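Notes follow the structure.
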Amino acid sequence: MRKIGVLTAGGDAPGMNAAIRAVVRFGIYNNINIVGVKNGFRGLVEGDSVEMNLSSVADIIHRGGTVLGSARSKEFIGEDGFQKALKNIKYLGIDGLVTIGGDGTLKGALALGRSGIPVIGIPGTIDNDLPYTQYTLGFFTSLTTVLEAVEKIRDTSSSHGRTNVIEVMGRNCGDIALYAGLAGGAEMVIIPEVENNIDEVCDKIMQGRARGKKHSIVLLAEGAGNAKDISEQIEKITGITTRYSVLGYTQRGGTPSAYDRLIGSQMGAKAVELLCCEKFNKVLGVKGNEIFHMDIEEALSMKRAFDRKTYELTKILSI
Ligand code: F6P
């Protein structure tokens, strides 16, 4: 392995820079040249890349976003674009590729792996929606951002005696809402994994009011409904003034947490190590305190297990 490429694709996530830095520095330490592919798979299609050195990744470990840029490339999915990407990989002399991103990125990596390009996937998405790994890079930073917003909204919720619905990201996965709900003491979480029962949500709010609670926070995952509709329904049923906030892209940016920097660094180095010892077409994941790897195809065929225990606990603790 003489030259390794690294790219970040899909929605960016805090901690991606730590992973890029580790790929570059661990690669150079092992006498491997590293090329950074710009803007995800689009950069492969367009042949847009930059040779990386030790200084290219100086002063980035603490920064959100990705210094390589990211994109969702439609061209790469088409046959023409994919062939261009393969050609550019050869032209650039890339012997192995590290892809950092979510579900779509890992699917892209699998397609390249099937075409004979040695790949390693690093799970980078705030959504925490990949079935094979306990956590993804960026998830915990995003949670912290959500919690900061929850605390601020709770202040004004108490002052005005309102219900506040807070919509968070996650696509079809409710983990951001669920974990922020537990850690932020929300009255209720509404997530796609559980059928939305608005009456139960309202009962919970009314129970809280009955014992003197001044605020009510409902965390809504974007995949489970629309914040405006849900707050209108809650207000109609409970008679309590209900406001909503959509946190949006604040959840994707910001200084990565210690945990995301740690797993980003460990995974970046591990990806290079695997490529060097010819363990190709793997994804990295987290299980307990360990970074593990498994076959990319197998990982993508797995079904996500819903964390019902955490859901039930969140409900119990908000009585
Ligand atoms: O996958 C990360 C994510 O932020 C999702 O939570 C969200 O639904 C989506 O990306 C937004 O995508 P885009 O960046 O294309 O607007």
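Only one of the listed residues (R72, R114) is within 27 Å of E222 (Cβ to Cβ) and basic (K, R). That residue is R72. Taking residues in the range 283-308 that are in contact (Cβ under 8 Å) with a residue 24 or more places away in the chain and more than 18 Å from G124 (Cβ to Cβ), and partners anywhere that are buried (at least 16 other Cβ atoms within 10 Å of the Cβ) and among the charged types (D, E, K, R), the pairs with Cβ atoms closer than 7 Å and at least 6 places apart or on different chains are F306/E193.
Counting only residues that are charged (D, E, K, R) and either within 16 Å of the ligand (Cβ to nearest atom) or in contact with a strand residue (DSSP E or B) (Cβ under 8 Å, 6 or more places away or on another chain) (or both), how many does the range 85-130 have? Step through it out loud before you land on a result.
Let us first name the residues in the range 85-130 that are charged (D, E, K, R), namely 87, 90, 95, 103, 107, 114, 127, 129.
Next, from what is left, pick out any that are either within 16 Å of the ligand (Cβ to nearest atom) or in contact with a strand residue (DSSP E or B) (Cβ under 8 Å, 6 or more places away or on another chain) (or both): 95, 103, 107, 127, 129.
So the count comes out to 5.
Is it the case that some residue within the range 8-17 is closer than 20 Å to T136 by Cα, in a strand (DSSP E or B) and either within 16 Å of the ligand (Cβ to nearest atom) or modelled with pLDDT under 95 (or both)? Yes: the range 8-17 contains one or more residues that are closer than 20 Å to T136 by Cα, in a strand (DSSP E or B) and either within 16 Å of the ligand (Cβ to nearest atom) or modelled with pLDDT under 95 (or both). Per the conditions (1) open to solvent by 10 Å² or more (accessible area, probe 1.4 Å); (2) on the phi < 0 side of the Ramachandran plot; (3) more than 16 Å from the ligand (Cβ to nearest atom), the sole criterion not satisfied by A149 is (3). Quick check: is even one residue across the range 187-205 touching a residue at least 60 places away in the same chain (Cβ under 8 Å), within 16 Å of the ligand (Cβ to nearest atom), charged (D, E, K, R) and closer than 30 Å to F82 by Cα? Looking through the range 187-205, none of the residues is touching a residue at least 60 places away in the same chain (Cβ under 8 Å), within 16 Å of the ligand (Cβ to nearest atom), charged (D, E, K, R) and closer than 30 Å to F82 by Cα. Among the conditions (1) touching a His at 6+ places or on another chain (Cβ under 9 Å); (2) open to solvent by less than 20 Å² (accessible area, probe 1.4 Å); (3) not aromatic (F, W, Y), the only one that A221 does not satisfy is (1). Among the criteria (1) surrounded by 15 or more Cβ atoms within 10 Å (Cβ to Cβ); (2) closer than 22 Å to A180 by Cβ; (3) touching a strand residue (DSSP E or B) at 6+ places or on another chain (Cβ under 9 Å), the one F280 does not fulfil is (2).
Only one of the listed residues (T255, T250) is under 22 Å from V286 (Cβ atoms), open to solvent by 60 Å² or more (accessible area, probe 1.4 Å) and either part of a helix (DSSP H, G or I) or touching a helix residue (DSSP H, G or I) at 6+ places or on another chain (Cβ under 9 Å) (or both). That residue is T255. Taking residues in the range 241-252 that are more than 15 Å from R154 (Cα to Cα), and partners anywhere that are more than 10 Å from the ligand (Cβ to nearest atom) and of a type in the set (S, T, Y), the pairs with Cβ atoms closer than 7 Å and at least 6 places apart or on different chains are T250/T145; Q251/T145. Scanning the range 163-188 for residues that are buried (at least 19 other Cβ atoms within 10 Å of the Cβ) and over 19 Å from the mean Cα position of the chain (by Cα) returns T163, N164, V165, G184, A186, E187, M188. Within the range 224-247, how many residues turn out to be of a type in the set (S, T, N, Q), open to solvent by 30 Å² or more (accessible area, probe 1.4 Å) and farther than 23 Å from M169 by Cα? Residues flagged as of a type in the set (S, T, N, Q), open to solvent by 30 Å² or more (accessible area, probe 1.4 Å) and farther than 23 Å from M169 by Cα within the range 224-247 amount to 1. Would you check which residues across the range 20-65 are part of a helix (DSSP H, G or I), crowded, with 24+ Cβ neighbours inside 10 Å and within 16 Å of the ligand (Cβ to nearest atom) and list them? Selection gives F41 alone.
Select from the range 45-104 the residues that are free of Cβ contacts under 8 Å to residues at least 12 places away in the same chain and under 17 Å from S265 (Cα atoms) and list them in ascending order. Those that are free of Cβ contacts under 8 Å to residues at least 12 places away in the same chain and under 17 Å from S265 (Cα atoms): S55, A58, D59.
For K214, the stated conditions do not hold, so it cannot be described as charged (D, E, K, R), modelled with pLDDT of 95 or more and open to solvent by 10 Å² or more (accessible area, probe 1.4 Å).
Does at least one position in the range 143-159 carry a residue that is closer than 30 Å to K282 by Cβ, touching an Asp or Glu at 6+ places or on another chain (Cβ under 7 Å) and in contact (Cβ under 8 Å) with a residue 60 or more places away in the chain? No, the conditions are met nowhere in the range 143-159. Considering only the range 86-102, I want to know if a residue exists there that is open to solvent by 20 Å² or more (accessible area, probe 1.4 Å), among the hydroxyl-bearing types (S, T, Y) and not in a helix (DSSP H, G or I). Looking for residues that are open to solvent by 20 Å² or more (accessible area, probe 1.4 Å), among the hydroxyl-bearing types (S, T, Y) and not in a helix (DSSP H, G or I), one finds none in the range 86-102, hence no.
The values are calculated or read from the model by the stated rules, or taken from the named source; none is laboratory data. Remember, predicted model here, so these are calculated numbers, not experimental data. Neighbour counts run over all protein chains shown; Cβ positions are idealised from the backbone, glycine included. Please note that ligands, DNA and RNA were not included when accessible areas were found on the heavy atoms of the full protein model with its side chains. Shrake-Rupley method; radii C 1.70, N 1.55, O 1.52, S 1.80 Å.
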